[in-house]
Amino acid sequence: MKLRQILAFAALLLVSIGSEAQTIKIGELNSYKVFPAFLEPYKKGWELALEEINRAGGVNGRKLEVVSRDDGGNPGDAVRVAEELISRENVAVLMGTFASHVGLAVSNLAAQRKVVFIAAEPLTDKIVWENGNRYTFRLRPSTYMQTAMLIPEAAKLKKKRWAIVYPNYEYGQSATASFKKLLKQAQPDVEFIAEQAPALGKIDAGAVVQALVEAKPDAIFSSLFAADLQKFVREGNTRGLFTNTVVFNLLAGEPEYLDTLKDETPEGWWVTGYPWKEIATPEHKKFRDAYQKRWNDYPRQGSVVGYAALYAIANAVKRAASTETEKLVEAFKGLAMPTPFGPIVWRSIDHQSTMGAYVGQLSKRGGEGVMVNWRFADGAQFLPPDSEVRALRKE
Amino acid sequence: MSVSSVLIQFLNGLASASSLFLVAAGLSLIFGVTRIVNFAHGSFFMLGMYLAVWFSDWVGFWLALPLAAAGVAAFGFLAETLLLRRIYRAPELLQLLATFALLLLIKDFALWAWGPEDLLGARAPGLQGAFEFEGIGSLAGALPEYDLFLVSIGPLILAALWLLLNRTRWGTLVRAASQDREITGALGVDQRWLFTSVFVLGALLAGLGGALQIPREPANLNIDLSVISDAFVVVVVGGLGSIPGAFLAALLIAEVKAFCIGLGFSKATLVMEFIIMAVVLIVRPWGLLGQMPVQVRGPGAQRRRLAPPSILLRWTLMILVGALALLPLASAGYTLVLLTDILLFALFAASLHFLMGPGGLYSFGHAAFFGIGAYAAGIFFLQVKLPMELALALAPLAAAFGALIFGWFCVRLSGVYSAMLTLAFAQIVWSAAFQWDALTGGSNGLVGVWPAGWLASKTAYYFLTLLSCALAIFCLWKTVYSPFGYALRAGRDSPLRSAASGIDVRAIQWSAFIIAGLAAGIGGALYAFSKGSISPEALGIQRSVDGLVMVMLGGIQTLSGPIWGAALFTWLQDAASRNIDYWRAAAGFIILVLVMVLPQGIGSLFQEKR
């Protein structure tokens, strides 16, 4: 009798501890006002994941709580916001950021303060390579990976004279450098005959298109996006640049950028992106249905990133059975998990996830831009050899 | 380049010049008559774009053009009559603060009304095609029909404006007011009506410029700032208040950019307009077709004698510093981080105020010195591998050196021209930081600039910041009341009399630049080590504007004003962005209320002794 009472009491105690257990706090910061087109869907993505995880009982019996902040879109403010999340909100993990320089600054702070940081959106190679650190993990396929994904098709065409156009900052510069290096390896006789590097957001599209027409390239590699891409496409269409020239454009298949082109969508461009309507894998269908049901809107690339980033944290906390930083770092290394794009692994060598992207061609369908002839490119296959990565990380 | 290619690039430049000219002409008119530096002019352009895209769904592109322009003009009418009219008598540049608040409000309004995604407008019906130029064996190039339409619209508007200004009574009044506002008023011209009509015309032109741009460019939320800086450059290069000058400058800048691209120097477009502006201002101090400005009289120019701080203020400040020094006993967390930022920006604002208040030298590019200090700290620490303490100590000298060079040019100009030259220098430094990968880390900046072990804790770094900033601000204030400070103020209030009494006004002003640069550099160096990284934004336009906002919020005529302004602005941004989705609009609204209620700034609450 007595034993039973003690057991009952103990059980009661456990239950009460369980229900009173604190939530796991996740600090989220992003440039919501600077890049709203990408980040509003991203926010909806992680909010959906948060609801799903908590409905299923949370992680290790504890609910997740996301403390979300606007990082102001510049490194100085972002670092202050991250400090606030760390020291006032006592978050267990940081996630977010969009632009590369903001991501790098927060990643550097994470290393200084010893907090795990999931860089969800930034594409810069440096965040996992040259400036990589123990506490930073990155979800999206990097500039290098996405560029490498376009190389097989580019090399197959056997075009000799290439022109390049890119926004003049680190993303465009490193995409260009990677593309030149990788294409030269695949096709040694390639020539790069013209380069245009307009300032980000300020392309003088008419003049750039005319300069490219004059250079007479067989093919063009572009890493333009957003307003620059739209201006380039419209001028190029009007001025006949694309009639005899194949174009490869990073990111242009992402709904955030593609959907604004509408009936200007250029036919036959090779792009990386996200054909959300057509991906029929069960994991993607499940995600898409849930997203559309919850938000009455279709998912964008950002939605997938936000959704997968929060699930990554949940999975790592589960694996670590703890929210202690050092245990979380170890749990992230080699963590395998499902995403709407299929299974991914968080590489222990450089903390890059193997999330892939979809490579395909642009086409117009009923006044809307779509991706056709697409295939999934698994991120794991588009990374440099480990020795190169180690050299870059100076390990 | 082939001949047809040269021709096409030339026409490309002309087409780009047209809408640039429209915005700049409006800005120039508004400044010429009302002396308002209209920061929201780019926002009017943006509104014109969004309205045109929106209207063209209903009534088609061609009807949408006048409708959008009229809509923006109506908005301009409301902004002038409800808001700006109330503050014409306030200190100079306060209107700049009000229009900055408008910019914040319009940006969030556009986000709320039209959503976050870029809106690519329809092509112009009837002008969808392009004229093709045949080359040898292939296409040599093509020019969109719509671009030719744009090429012709620029000169048409120029002619219309010229007729309006030179052949109507209204135009005569506008020209008279541009030349000498006070005399025009004294002759019985109703200034209120004149100001409103000029502002509305300016808004109309900006709206039309935006609407005309939609077949070439999507309506997007980033266009406002990018247009306003271009427009400022055009106005200044052309000469303030000169419409033909604006046209010439728009043409010059657009052509130089088009040929930079055509000849394969596309990277130079990042900073080309600012280089042109710097060169023009150095060679022709009042722009290509501008005239020497008339000395501003009236309420804007009246300055109270700067009295020593009152006993109340002295005690307030001493108690404040004491309380700040004791604060780490109560909190070791985020409060210290936020206060570190506030202290840094207080020093930054105080150094800008030193130039603008006692010096009467406006600077729109003060972030250059802050940024040079920050970058120098980063470079000394990471590239030269100096110890952190030494890097921190040497970095402000680099900023002072920058001020030594820029100041030499800037003190040779006056008023807004000098301010714009500082902006040009700041942008040139910015683009160097942005592109010089090996030294500055390019667009990503320098990462890993952390303080030495004994300063690594938040508390220790906070003490260092408090000590440095309090000391630096104290020295700045001491300087204001020293003989040097009196000479500086004499040069501001009456350059002729000062020169006659043996003061070398330029040398004094030049020294003021160097002192202000040094102080801003201290702030910048501390900033770099508090953030652990430094990127080009530290010396971007936004940072310079933030500094102006802090000074104006605090009140330019009070010595302690910039400190209150910096504290309020930094805290407001931090608190609003944490709690409110549309935090920019909220910040804009609060600034507007403050402008209305406290036109002399927060500092006037702690008024110095008369």
From the list B:Ser418, B:Ser431, which residue is assigned by TED's automatic domain parsing to the domain that holds B:Leu526, under 24 Å from B:Trp510 (Cα atoms) and of a type in the set (Ser, Thr, Tyr)?
B:Ser418
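To keep it simple, each residue is scored yes or no on (1) modelled with pLDDT of 90 or more; (2) closer than 29 Å to A:Ala199 by Cα.
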{"position": "B:Ala374", "(1), (2)": "yes, yes"}
{"position": "B:Ala377", "(1), (2)": "yes, yes"}
{"position": "B:Glu389", "(1), (2)": "yes, no"}
{"position": "B:Phe401", "(1), (2)": "yes, yes"}
{"position": "B:Leu404", "(1), (2)": "yes, no"}
{"position": "B:Val416", "(1), (2)": "no, yes"}
{"position": "B:Ala419", "(1), (2)": "no, yes"}
{"position": "B:Ser443", "(1), (2)": "no, yes"}
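Against the definition (away from chain A (no Cβ under 11 Å), surrounded by 23 or more Cβ atoms within 10 Å (Cβ to Cβ) and modelled with pLDDT of 85 or more), how does B:Ala98 come out, yes or no?
On the way: away from chain A (no Cβ under 11 Å): yes; surrounded by 23 or more Cβ atoms within 10 Å (Cβ to Cβ): yes; modelled with pLDDT of 85 or more: yes.
Considered against the rule, which asks whether it is away from chain A (no Cβ under 11 Å), surrounded by 23 or more Cβ atoms within 10 Å (Cβ to Cβ) and modelled with pLDDT of 85 or more, B:Ala98 comes out as yes.
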Which one is farthest from the chain's Cα centre (by Cα), of the residues in segment A:339-371 that are free of Cβ contacts under 8 Å to residues at least 60 places away in the same chain and part of a strand (DSSP E or B)?
A:Arg365
Tell me which of these A:Ser387 doesn't satisfy, since it passes every other one: (1) in a helix (DSSP H, G or I); (2) touching a Lys or Arg at 6+ places or on another chain (Cβ under 7 Å); (3) surrounded by fewer than 17 Cβ atoms within 10 Å (Cβ to Cβ).
(2)
Return only the number of the condition from (1) within 13 Å of chain B (Cβ to nearest Cβ); (2) hydrophobic (A, V, I, L, M, F, W, C); (3) in contact (Cβ under 8 Å) with a residue 60 or more places away in the chain; (4) in contact with a Gly (Cβ under 9 Å, 6 or more places away or on another chain) that A:Val66 does not satisfy.
(1)
Would you point out which residue out of B:Ala472, B:Ala424 is out of contact with any Cys (no Cβ under 6 Å at 6 or more places or on another chain), closer than 15 Å to B:Ala525 by Cα and away from every other protein chain (no Cβ under 14 Å)?
B:Ala472
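Only residues that are part of a loop (DSSP other than H, G, I, E, B) and at the interface with chain A (Cβ under 10 Å from one of its Cβ atoms): list them for segment B:316-347, please.
At the first step, the residues of segment B:316-347 found to be part of a loop (DSSP other than H, G, I, E, B) are B:330-333.
Hits for segment B:316-347 are B:Ser331, B:Ala332, B:Gly333.
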Looking at segment B:116-145, which of its residues are under 32 Å from the mean Cα position of the chain (by Cα) and facing another protein chain (nearest Cβ under 9 Å)?
B:Pro116, B:Glu117, B:Asp118, B:Leu119, B:Leu120
Mind checking whether some residue in segment B:477-496 is assigned to a helix (DSSP H, G or I), among the charged types (D, E, K, R) and either within 30 Å of A:Ser87 (Cα to Cα) or free of Cβ contacts under 8 Å to residues at least 12 places away in the same chain (or both)?
yes
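May I ask you to list the residues in segment A:105-123 that are more than 11 Å from every other protein chain (Cβ to nearest Cβ), within 17 Å of A:Val329 (Cα to Cα) and outside any strand (DSSP E or B)?
Taking segment A:105-123 as the starting set, the residues that turn out to be more than 11 Å from every other protein chain (Cβ to nearest Cβ) are A:114-121, A:123.
Applying the additional criterion that residues be within 17 Å of A:Val329 (Cα to Cα) yields A:114-120.
If the condition is that a residue be more than 11 Å from every other protein chain (Cβ to nearest Cβ), within 17 Å of A:Val329 (Cα to Cα) and outside any strand (DSSP E or B), then A:Lys114, A:Val115, A:Ala120 are the ones that fit.
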Write out, first by first residue and then by second, each pair whose Cβ atoms fall under 6 Å of each other, whose residues are 6+ apart or on separate chains, and whose first residue, in segment B:1-22, is more than 10 Å from every other protein chain (Cβ to nearest Cβ) while the second is aromatic (Phe, Trp, Tyr).
B:Phe21/B:Phe247
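Okay, residues lined up against (1) farther than 17 Å from B:Glu217 by Cβ; (2) assigned to a loop (DSSP other than H, G, I, E, B); (3) in contact with a Ser or Thr (Cβ under 7 Å, 6 or more places away or on another chain); (4) among the charged types (D, E, K, R):
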{"position": "A:Leu229", "(1), (2), (3), (4)": "no, no, no, no"}
{"position": "A:Gly240", "(1), (2), (3), (4)": "yes, yes, no, no"}
{"position": "A:Leu250", "(1), (2), (3), (4)": "yes, no, yes, no"}
{"position": "A:Thr272", "(1), (2), (3), (4)": "yes, no, no, no"}
Where the second residue is of a type in the set (Gly, Ala, Ser) and the first is in contact (Cβ under 8 Å) with a residue 40 or more places away in the chain and lies in segment A:180-208, which pairs have Cβ atoms under 8 Å and are six or more apart or on separate chains?
A:Val208/B:Ser266
Here is a list: A:Glu170, A:Glu267. Which entry is in contact with a Ser or Thr (Cβ under 8 Å, 6 or more places away or on another chain) and either in the same structural domain as A:Gly103 (by TED's automatic domain parsing) or surrounded by fewer than 24 Cβ atoms within 10 Å (Cβ to Cβ) (or both)?
A:Glu267
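Based on what the data block shows, is B:Arg192 assigned to a helix (DSSP H, G or I) and basic (Lys, Arg)? Step through it out loud before you land on a result.
Details: assigned to a helix (DSSP H, G or I): yes; basic (Lys, Arg): yes.
In short, yes.
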Out of all the residues in segment B:165-180, which are within 15 Å of B:Ile36 (Cα to Cα) and touching a helix residue (DSSP H, G or I) at 6+ places or on another chain (Cβ under 7 Å)?
B:Val174, B:Ala177, B:Ser178
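Just the residues that are within 14 Å of chain B (Cβ to nearest Cβ), touching a residue at least 12 places away in the same chain (Cβ under 8 Å) and either hydrophobic (A, V, I, L, M, F, W, C) or assigned to a helix (DSSP H, G or I) (or both), please, taken from segment A:77-93. Lay out the reasoning, then the answer.
Restricting attention to segment A:77-93, the residues satisfying the condition of being within 14 Å of chain B (Cβ to nearest Cβ) are A:77-91.
If we keep only those that are touching a residue at least 12 places away in the same chain (Cβ under 8 Å) as well, we get A:78-79, A:81-86, A:89-91.
Those that are within 14 Å of chain B (Cβ to nearest Cβ), touching a residue at least 12 places away in the same chain (Cβ under 8 Å) and either hydrophobic (A, V, I, L, M, F, W, C) or assigned to a helix (DSSP H, G or I) (or both): A:Ala78, A:Val79, A:Val81, A:Ala82, A:Glu83, A:Glu84, A:Leu85, A:Ile86, A:Val91.
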Please state which of the following conditions A:Leu157 fails to meet, knowing it meets all the rest: (1) more than 10 Å from chain B (Cβ to nearest Cβ); (2) more than 30 Å from B:Ser5 (Cβ to Cβ).
(2)
Quickly run through segment A:124-151 and pick out the residues that are away from chain B (no Cβ under 14 Å), assigned to a helix (DSSP H, G or I), surrounded by 24 or more Cβ atoms within 10 Å (Cβ to Cβ) and in contact with a helix residue (DSSP H, G or I) (Cβ under 7 Å, 6 or more places away or on another chain).
A:Tyr144, A:Met145, A:Thr147, A:Met149
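Looking at segment A:206-236, which of its residues are in contact with a Phe, Trp or Tyr (Cβ under 9 Å, 6 or more places away or on another chain) and either at the interface with chain B (Cβ under 7 Å from one of its Cβ atoms) or among the aromatic types (Phe, Trp, Tyr) (or both)? Spell out the reasoning first.
Looking only at segment A:206-236, we keep the residues that are in contact with a Phe, Trp or Tyr (Cβ under 9 Å, 6 or more places away or on another chain), and these are A:207-209, A:217-226, A:229-230, A:233, A:236.
Selection gives A:Ala207, A:Val208, A:Phe221, A:Phe225, A:Ala226, A:Gln230.
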Where residues in segment B:169-209 are of a type in the set (Val, Ile, Thr) and more than 23 Å from B:Pro66 (Cα to Cα), which of them is nearest to the chain's Cα centre (by Cα)?
B:Val174
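Would you point out which residue out of A:Ala194, A:Ala199 is at the interface with chain B (Cβ under 8 Å from one of its Cβ atoms), surrounded by fewer than 24 Cβ atoms within 10 Å (Cβ to Cβ) and part of a strand (DSSP E or B)?
A:Ala194
Would you pick out the residues in segment B:439-461 that are among the β-branched types (Val, Ile, Thr) and either facing chain A (nearest Cβ under 10 Å) or within 32 Å of the chain's Cα centre (by Cα) (or both)? Break it down stepwise before answering.
Going residue by residue through segment B:439-461, those that are among the β-branched types (Val, Ile, Thr) are B:440, B:447, B:449, B:459.
Correct list: B:Thr440, B:Val447, B:Val449.
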So A:Arg239 fits all but one of (1) of a type outside the set (Phe, Trp, Tyr); (2) more than 7 Å from chain B (Cβ to nearest Cβ); (3) over 25 Å from B:Ser431 (Cβ atoms); (4) surrounded by 22 or more Cβ atoms within 10 Å (Cβ to Cβ); what number is the exception?
(2)
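The values are calculated or read from the model by the stated rules, or taken from the named source; none is laboratory data. Fair warning: this is a prediction, and the values are worked out from it, not measured in the lab. Note that we place each Cβ from the backbone using ideal geometry, even for glycine, and neighbour counts take in every protein chain shown.
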